[in-house]
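Quick notes on the structure that follows.
The values are calculated or read from the model by the stated rules, or taken from the named source; none is laboratory data. Keep in mind that what you see is a predicted model, and the values were worked out from it rather than measured. In this analysis, Cβ positions are derived from the backbone assuming ideal geometry, glycine residues included, and neighbour counts consider all displayed protein chains.
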Amino acid sequence: MDLGLAGRRAAIAASSAGLGLASARALAAEGVRVAICGRDPERLAEAAASIDGVVALEADVSTVAGATGFVIDATEALGGLDILVPNAGGPPAGTFASTPLDAYAPALELNLLSTVAMCQAAVPAMCEQGWGRVVAITSVSVRQPIAELILSNTARAGVTGFLKTLAREVAGRGVTVNSVQPGLHATDRLVQLHGGDPSGAATSVPTGTLGRPEDFGAVVAFLCSDAARFVTGTALPVDGGAYQGLQ
């Protein structure tokens, strides 16, 4: 299926590994010119080597300044921007009892304010050109909070509210805004959370397997496509059926 994306320009945040990198590869495979970023120069170089024609930018999107700078630099390098994939790593694990109050502000900057900053830097120009796609990577925890991830649950719920509001405000300008909520995928983050061996986590997924990053990337690419022009304000779980709610 031709997604109609050839020649488009995309900035994918936190994309030197994991689901961000998988999304960048999927878009590049559709003929999109992509800019990726990461904090680790070696990991960034390794990721860039796997995508033809990629623009690799060293950036830390865990801060508002870093997130804004990434979008500005990507826009300049690509000569404009059509697609934005906000993304960031997760904050430290913890419960209500174990998490101090001063841990919340950095988590909100990481998983909420960084996305707001990236959208402020990218969306106005998308509105002016009459075409744009924002597809944020969040978490299924927005629908079903994950135990011992209170910071992530809180911040990602906030960014989902922001994205839904933004989607309605720019819908008439040719810009769609959606989010994708990954469940358990075979990424470095999952390995870290499960002490080096995440295989046991697959027992909680109805499909009986962990998600493949490349399949997640394909979903992101579709939401960026011309075929998805009527899809906006949606928060889509990609979790192998793990979410149990009706909505």
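Before moving on, here are some points about what is shown:
- Val140 meets each of the listed conditions (1) among the aliphatic types (A, V, I, L, M); (2) surrounded by fewer than 20 Cβ atoms within 10 Å (Cβ to Cβ); (3) closer than 23 Å to Phe222 by Cα apart from (2).
- Counted residues, region 199-224 - those being in contact with a Lys or Arg (Cβ under 8 Å, 6 or more places away or on another chain) and either crowded, with 18+ Cβ neighbours inside 10 Å or farther than 22 Å from Gly20 by Cβ (or both): 3
- Test: residue in region 21-33 that is buried (at least 21 other Cβ atoms within 10 Å of the Cβ), at pLDDT 95 or above and among the polar types (S, T, N, Q): yes
- Annotation note: of Thr165, Thr232, the sole residue that is assigned to a loop (DSSP other than H, G, I, E, B), modelled with pLDDT of 95 or more and either among the polar types (S, T, N, Q) or surrounded by 15 or more Cβ atoms within 10 Å (Cβ to Cβ) (or both) is Thr232.
- Qualifying positions in region 100-134 - surrounded by 20 or more Cβ atoms within 10 Å (Cβ to Cβ) and in contact with a Pro (Cβ under 8 Å, 6 or more places away or on another chain): Ala107, Leu110, Asn111, Ser114, Thr115, Met118, Cys119, Val134
- Residue-level check: of (1) closer than 26 Å to Gly174 by Cα; (2) outside any helix (DSSP H, G or I); (3) out of contact with any Ser or Thr (no Cβ under 8 Å at 6 or more places or on another chain); (4) β-branched (Val, Ile, Thr), Thr75 misses just (2).
- In region 235-247, the residue that is surrounded by the most Cβ atoms within 10 Å (Cβ to Cβ) out of those that are touching a helix residue (DSSP H, G or I) at 6+ places or on another chain (Cβ under 8 Å) and outside any strand (DSSP E or B) is Asp239.
- Test: residue in region 83-99 that is in a helix (DSSP H, G or I) and in contact with a Leu (Cβ under 6 Å, 6 or more places away or on another chain): no
- Checking the stated criteria, Thr115 turns out not to satisfy the condition of being assigned to a helix (DSSP H, G or I), in contact with a helix residue (DSSP H, G or I) (Cβ under 7 Å, 6 or more places away or on another chain), within 14 Å of Gly233 (Cβ to Cβ) and of a type outside the set (Asp, Glu).
- Every condition in (1) surrounded by fewer than 23 Cβ atoms within 10 Å (Cβ to Cβ); (2) touching a helix residue (DSSP H, G or I) at 6+ places or on another chain (Cβ under 9 Å); (3) not hydroxyl-bearing (Ser, Thr, Tyr) is met by Ala155 except one, and the failing one is (1).
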